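Trainee: I have a structure here, written as structure tokens, and I will follow up with some questions on it.
The values are calculated or read from the model by the stated rules, or taken from the named source; none is laboratory data. Everything quoted here is computed from the prediction, not taken from an experiment. Cβ placement follows ideal geometry from the backbone for every residue including glycine, while neighbour counts extend to all protein chains displayed.
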Amino acid sequence: MANSLGSPYTAAAASASDPKTAAPASFVPPPGRHVKPPAPPSSRWHTHLPEGRFWSQIPAWRDIDEATFLDFRWQGRNSITRPEALLAALQGLASPEFIADAAAGFAHSPMSVRVTPYLLSLVDWSNPYRDPVRRQFIPLASQLKHDHPELVLDSLHEQDDAPVPGLTHRYPDKALFLALDTCPVYCRFCTRSYAVGQDTDMVDKVAINADSSRWEQVFEYIATRPELEDIVLSGGDVYNLPAKHIRQLGERLLSLPNIRRIRYATKGPAVMPQKLLTDHEWVQALVDVVKLGRSLRKDVVLHTHFNHPAEITWITREALGRLAEEGVFIRNQSVLQRGVNDDVDTMRLLCKRLGWVGVHPYYVYIHDLVKGVEDLRTTLAAGIDIEKAVRGATAGFNSPVFVVDTLGGGGKRDAHSYDYYDRETGIAVFSSPNVDPKRQFFFYDPIRELSPEVQRRWADPIERDKMKAHASAKALELKGKR
Ligand code: SF4
């Protein structure tokens with residue numbers, strides 16, 4: 001079973017005699033030359049991926065052979081889509097207390113349930129309370145925290161900036177095209193819980209269906225805006241689009257003379273890599289669009305979403321290797337989450353392991369304010385500190401930039417580029433000159449991380465407004481001095 005860093009190896013097990021990790025013994029440096037000492041074996045943990053039939057730890061899948069487990073249709077058919085079914089699957093794996101805790105957690109969740117057998121197989125069921133994969137997909141009532149008082153559904157104002165349904169045009173040359181509203185899994189932390197998945201007891205969702213007539217309105221708008229060069233095709237998740245739609249959307253966008261870059265955004269490789277090995281039609285459609293883009297001197301890439309090194313297994317390596325052979329370039333965007341990846345060792349290992357399987361770490365998002373998942377949020381300071389420690393561990397192009405998607409539609413800002421950040425009140429103020437040079441955009445740390453005195457101030461609406469007004473004035477003052 002994997003350890004907490006997602007490696008099947010421990011420091012003791014990875015001995016210097018391991019041929020994969022031992023330094024060459026015969027090299028003799030010229031006199032007077034400095035030679036960097038060999039790195040410890042632990043520096044190679046990122047190359048050790050879970051191998052074999054790791055899914056056999058789940059009683060229901062103990063006898064499932066490799067060919068079956070690699071079949072994307074089997075993964076889809078056996079994905080769990082109701083809380084009751086998930087809780088039933090956990091019988092015998094987790095304690096009755098844990099199952100009751102999870103049942104109560106689902107009752108308060110704004111997200112639908114959908115978990116693949118692959119994901120459930122990655123959880124360390126000997127300690128599900130602390131497991132980083134479990135934390136992202138299965139809520140526990142005992143760990144839930146109150147939402148932040150400044151939280152609103154669609155806190156990034158994606159719908160306000162949508163000239164046609166499902167197209168957010170906020171940045172000068174780039175737009176976000178939400179092609180559908182379903183995903184191969186549903187993540188607790190999803191920023192788009194206002195639209196993604198089915199209605200829940202907590203939220204009635206906005207519908208963004210995979211609908212050709214809606215897509216047509218999107219294409220018409222893009223064609224009328226020559227400044228738009230870059231389209232992110234997302235959702236939901238494009239993994240759920242059939243091959244013919246992957247092809248149709250890609251070819252249509254590439255046919256527009258203004259469009260120079262397309263990104264297909266999918267969490268699929270992290271939660272069901274099997275599709276890339278066994279859904280040949282889907283992969284071929286993607287590869288064909290990438291090749292068409294290249295012939296037109298346009299850029300078509302895949303953006304994916306791994307959050308923890310334990311999500312990368314031998315199946316991931318084989319799946320992404322297939323895309324690499326076809327020349328598909330892949331970038332990763334992670335979300336910083338408390339108890340999942342908010343420590344330096346985990347984030348370093350994630351970046352190195354992504355690089356090892358051919359994925360470029362691109363962004364780490366400071367967790368947005370999202371309904372029902374305050375327990376997963378970290379402070380802005382945590383992200384800034386982790387970024388400092390990660391930078392330099394590997395090449396710059398393999399090191400992610402930590403960003404904040406500011407509240408109210410300010411867009412992404414480098415985490416450390418705030419105009420003012422008061423770690424005591426947990427209020428950060430950003431400007432976003434390319435979105436709206438006159439406005440200030442805010443971000444708020446989780447209240448539980450603040451002192452008892454400041455928590456009391458946050459509970460009082462008058463004090464809350466005073467703290468925000470103070471932060472706003474300080475930000476203006478400091479900007480004026482620059
Ligand atoms: S796959 Fe992406 S869009 Fe879908 S629930 Fe997860 S984070 Fe949200």
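Trainee: Out of the residues in the range 402-424 that are surrounded by 22 or more Cβ atoms within 10 Å (Cβ to Cβ) and assigned to a loop (DSSP other than H, G, I, E, B), which is modelled with the lowest pLDDT?
Mentor: Taking the candidates together, the pick is GLY410.
Trainee: Can you confirm whether LEU249 is more than 21 Å from THR116 (Cα to Cα), surrounded by 21 or more Cβ atoms within 10 Å (Cβ to Cβ) and within 16 Å of the ligand (Cβ to nearest atom)?
Mentor: Criteria not met by LEU249.
Trainee: Another one. Just checking, does the range 199-221 include any residue being within 24 Å of ALA319 (Cα to Cα) and more than 15 Å from the ligand (Cβ to nearest atom)?
Mentor: The initial filter retains those residues of the range 199-221 that are within 24 Å of ALA319 (Cα to Cα), namely none.
No, the conditions are met nowhere in the range 199-221.
Trainee: In addition: Between residues in the range 281-294 that are outside the structural domain of PRO257 (by TED's automatic domain parsing) and touching a residue at least 12 places away in the same chain (Cβ under 8 Å) and residues that are crowded, with 17+ Cβ neighbours inside 10 Å and among the aliphatic types (A, V, I, L, M), which pairs lie under 7 Å by C-beta distance while being six or more apart or on different chains?
Mentor: none
Trainee: Applying the selection to the range 102-116, what residues are touching a residue at least 40 places away in the same chain (Cβ under 8 Å), in contact with a Leu (Cβ under 7 Å, 6 or more places away or on another chain) and outside any loop (DSSP other than H, G, I, E, B)? Let's see the steps before the verdict.
Mentor: From the range 102-116, those touching a residue at least 40 places away in the same chain (Cβ under 8 Å) are 107-116; that's our starting set.
Next, only the ones that are in contact with a Leu (Cβ under 7 Å, 6 or more places away or on another chain) stay: 108, 113, 115.
Of everything in the range 102-116, just one residue is touching a residue at least 40 places away in the same chain (Cβ under 8 Å), in contact with a Leu (Cβ under 7 Å, 6 or more places away or on another chain) and outside any loop (DSSP other than H, G, I, E, B), namely VAL115.
Trainee: Something else: Among the numbered criteria (1) closer than 27 Å to HIS308 by Cβ; (2) without any contact (Cβ under 8 Å) to a residue 40 or more places away in the chain, which single criterion is violated by GLY410?
Mentor: Condition not satisfied by GLY410: (1).
Trainee: Same structure, new question: Any idea which of LEU292, LEU320 is away from the ligand (no atom under 16 Å from the Cβ) and in contact with a Lys or Arg (Cβ under 9 Å, 6 or more places away or on another chain)? So that I can check it myself, show each step before the final result.
Mentor: Values: LEU320 fails: in contact with a Lys or Arg (Cβ under 9 Å, 6 or more places away or on another chain).
Just a single option satisfies the conditions, and that option is LEU292.
Trainee: Scan the range 47-81 for residues that are out of contact with any Phe, Trp or Tyr (no Cβ under 9 Å at 6 or more places or on another chain) and charged (D, E, K, R) and jot them down.
Mentor: ASP63, ASP65, GLU66, ASP71, ARG73, ARG77
Trainee: Say whether the condition of being at positive phi, away from the ligand (no atom under 16 Å from the Cβ) and either touching a residue at least 24 places away in the same chain (Cβ under 8 Å) or outside the structural domain of ASN78 (by TED's automatic domain parsing) (or both) is met by at least one residue in the range 140-156.
Mentor: no
Trainee: Still on this structure: Does the range 166-177 contain at least one residue that is surrounded by 20 or more Cβ atoms within 10 Å (Cβ to Cβ), out of contact with any strand residue (DSSP E or B) (no Cβ under 6 Å at 6 or more places or on another chain), assigned to a loop (DSSP other than H, G, I, E, B) and of a type outside the set (A, V, I, L, M)?
Mentor: No: zero hits.
Trainee: Of the residues THR116, THR68, which is in contact with a Ser or Thr (Cβ under 9 Å, 6 or more places away or on another chain) and not aliphatic (A, V, I, L, M)?
Mentor: Numbers: THR68 fails: in contact with a Ser or Thr (Cβ under 9 Å, 6 or more places away or on another chain).
Step by step, each of THR116, THR68 is checked, and only THR116 is in contact with a Ser or Thr (Cβ under 9 Å, 6 or more places away or on another chain) and not aliphatic (A, V, I, L, M).
Trainee: Which of (1) away from the ligand (no atom under 16 Å from the Cβ); (2) crowded, with 18+ Cβ neighbours inside 10 Å does ASP299 not meet, given it meets every other one?
Mentor: (2)
Trainee: Can you name every residue in the range 117-138 that is touching a residue at least 40 places away in the same chain (Cβ under 8 Å), surrounded by 22 or more Cβ atoms within 10 Å (Cβ to Cβ) and assigned to a loop (DSSP other than H, G, I, E, B)?
Mentor: ILE138
Trainee: Okay, next question. When the residues of the range 360-390 are filtered to those that are touching a residue at least 60 places away in the same chain (Cβ under 8 Å) and under 15 Å from VAL401 (Cβ atoms), which remaining residue is surrounded by the most Cβ atoms within 10 Å (Cβ to Cβ)?
Mentor: The selected residue is ILE366.
Trainee: Further question: Just one of the numbered conditions (1) free of Cβ contacts under 8 Å to residues at least 60 places away in the same chain; (2) assigned to a helix (DSSP H, G or I); (3) small (Gly, Ala, Ser) is not true of GLY327; which one?
Mentor: (2)
Trainee: Take the residues of the range 53-72 that are exposed (fewer than 13 other Cβ atoms within 10 Å of the Cβ) and assigned to a loop (DSSP other than H, G, I, E, B): which is modelled with the lowest pLDDT?
Mentor: So the residue we want is ARG62.
Trainee: Please give the helices (runs of 4 or more DSSP H) falling wholly within the range 180-278 in which 1 or more residues are assigned by TED's automatic domain parsing to the domain that holds GLU311 and of a type in the set (Phe, Trp, Tyr).
Mentor: By residue number, 212-223.
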